[in-house]
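Working notes, beginning with the structure itself.
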DNA sequence: ACAAAAGTGTTACACGTACACCCATGG
DNA sequence: CCATGGGTGTACGTGTAACACTTTTGT
């Protein structure tokens with residue numbers, strides 16, 4: 001099976017940056033390595049690409065191992081290839097980022113992999129170049145979410161407008177005017193108002209919405225203006241950092 | 001050096017989708033393979049990732065081999081990993097796309113690699129999954145150029161507004177109103193009007209412009225509305241296909 | 001003088017932003 | 001009855017699209 005002679009074969013790893021949102025904060029699912037090197041240090045969930053496997057399959061396999069979930073929103077992010085990035089052996093790492101509804105997370109935390117959700121803002125140090133991977137993923141998510149309705153992937157099937165707004169505000173670390181926010185989001189036609197309310201977080205209760213799945217799929221690639229622009233300069237600033 | 005035991009090492013290829021623009025049409029730089037398998041068939045320029053090399057270095061090395069150019073705009077595109085994609089041996093292919101000023105292309109065509117520029121619309125059949133790579137690159141370029149001033153990379157230092165408009169029109173296969181186009185592009189502050197004119201393509205002559213390099217670098221990541229939106233639906237359509 | 005391409009200005013509309021008050025409910 | 005969070009409407013300004021005529025000059 002080795003037919004291109006004189007070439008070096010290299011390990012190909014797949015690492016997953018898994019985002020969740022608990023209603024207040026963005027979270028990352030990390031695992032603590034139980035073996036050397038770097039034992040006890042935190043890292044992204046990853047694994048090696050297998051001989052008969054495509055990268056997406058590997059990423060899904062890893063995600064399922066860790067979360068029990070399938071059919072999750074996932075996107076190829078970037079390949080990290082510094083020859084020294086893994087001190088054990090030259091490894092090229094293909095990163096994926098995934099958005100999951102944290103409530104659907106099925107496995108017992110820490111059971112098989114010593115996994116834990118960390119607030120993105122209070123992450124431990126990670127091994128190798130995994131922090132750079134996380135930075136890249138955060139950046140990509142901010143970019144993507146400004147233009148496409150991707151953040152719904154982080155919410156349960158039923159959610160309220162205040163929840164949705166908290167989700168967007170958390171990502172850009174800012175606050176939006178709720179009147180404009182609701183008008184803009186409703187005007188996309190992506191939201192279907194339900195008749196029942198969430199009474200957990202307020203006395204009055206907030207109406208639930210669901211995503212119009214058909215329109216979500218049809219419009220996903222459309223460029224939507226999902227975050228406000230107070231003025232030109234701060235707009236650029238918000239999207240990019 | 002093999003320390004992760006039980007894992008399969010895989011060939012990592014780098015393939016470059018190289019775009020140029022000749023004033024009328026988008027072009028792709030392709031090479032004709034001089035050896036089996038797939039001898040005489042056209043393909044993207046590529047090569048294997050070397051042991052001590054990062055992917056970007058490999059991509060630049062390959063680009064320099066084929067074009068003689070360095071410091072070219074290049075972007076990691078996507079990794080293709082179908083186990084059957086290369087019938088010779090399992091190979092994971094990391095694609096890059098590059099934008100070059102076709103006038104700066106230095107090598108004699110066909111000299112070393114039997115290379116040729118093909119209009120994007122009249123490409124020959126390509127080997128393996130290279131046509132899929134080209135499709136992905138075209139899609140990404142359309143997306144990117146709608147939001148960021150990336151197309152300047154395809155033009156010489158001095159260019160005219162009509163040339164610039166032809167560049168945008170070619171990419172989206174449509175026509176724009178020249179009054180709105182010039183107003184919009186000038187309003188970005190990215191263009192510096194020169195005092196001399198291009199007299200080649202008209203009797204009256206068209207003023208040359210140069211890119212304001214400082215502002216280009218500062219604003220590159222800003223989200224600019226570089227292509228018109230006749231209405232919501234057709235906007236989405238234009239950007240995405 | 002005429003053909004061919006470059007260059008420019010105005011108007012109408014849509015969209016986005018700023019902003020303040022009322023509503024419903026549980027305690 | 002009051003405190004808390006949910007929900008809504010308007011007015012203004014900005015940005016974008018539609019649209020037609022004049023300028024320049026080579027032949």
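Looking only at the stretch B:191-199, decide whether some residue is surrounded by 15 or more Cβ atoms within 10 Å (Cβ to Cβ) and either away from DNA strand C (no atom under 15 Å from the Cβ) or under 22 Å from the mean Cα position of the chain (by Cα) (or both). Yes.
Quick check, is residue A:236 within 13 Å of DNA strand C (Cβ to nearest atom) and either at pLDDT 95 or above or loosely packed, with under 14 Cβ neighbours inside 10 Å (or both)? For residue A:236, the condition - within 13 Å of DNA strand C (Cβ to nearest atom) and either at pLDDT 95 or above or loosely packed, with under 14 Cβ neighbours inside 10 Å (or both) - is not met.
Under 6 Å by Cβ, and 6 or more places apart or on different chains, what pairs join a residue from the stretch B:162-190 that is within 14 Å of chain A (Cβ to nearest Cβ) and under 28 Å from residue B:135 (Cα atoms) with one that is outside any loop (DSSP other than H, G, I, E, B) and more than 11 Å from DNA strand C (Cβ to nearest atom)? Pairs found: B:172/B:238. Taking the criterion of being more than 29 Å from residue B:59 (Cβ to Cβ) and buried (at least 22 other Cβ atoms within 10 Å of the Cβ), the only residue of the stretch A:67-89 that qualifies is A:67. Can you tell me which of A:181, A:159 is within 14 Å of DNA strand C (Cβ to nearest atom) and either out of contact with any strand residue (DSSP E or B) (no Cβ under 8 Å at 6 or more places or on another chain) or not assigned by TED's automatic domain parsing to the domain that holds residue A:98 (or both)? Criteria check complete, one pass: A:181.
Of all residues in the stretch B:5-46 being out of contact with any strand residue (DSSP E or B) (no Cβ under 6 Å at 6 or more places or on another chain) and under 25 Å from residue A:55 (Cβ atoms), which is farthest from the other protein chains (Cβ to nearest Cβ)? Once the filter is applied, the top-ranked residue is B:38. Of all the numbered requirements in (1) part of a loop (DSSP other than H, G, I, E, B); (2) in contact (Cβ under 8 Å) with a residue 24 or more places away in the chain, residue A:46 misses one, and that requirement is (1).
The values are calculated or read from the model by the stated rules, or taken from the named source; none is laboratory data. What you are looking at is a predicted structure, and each value in this text was computed from that prediction instead of being measured. All Cβ positions, glycine included, derive from the backbone under ideal geometry; neighbour counts span all protein chains shown.
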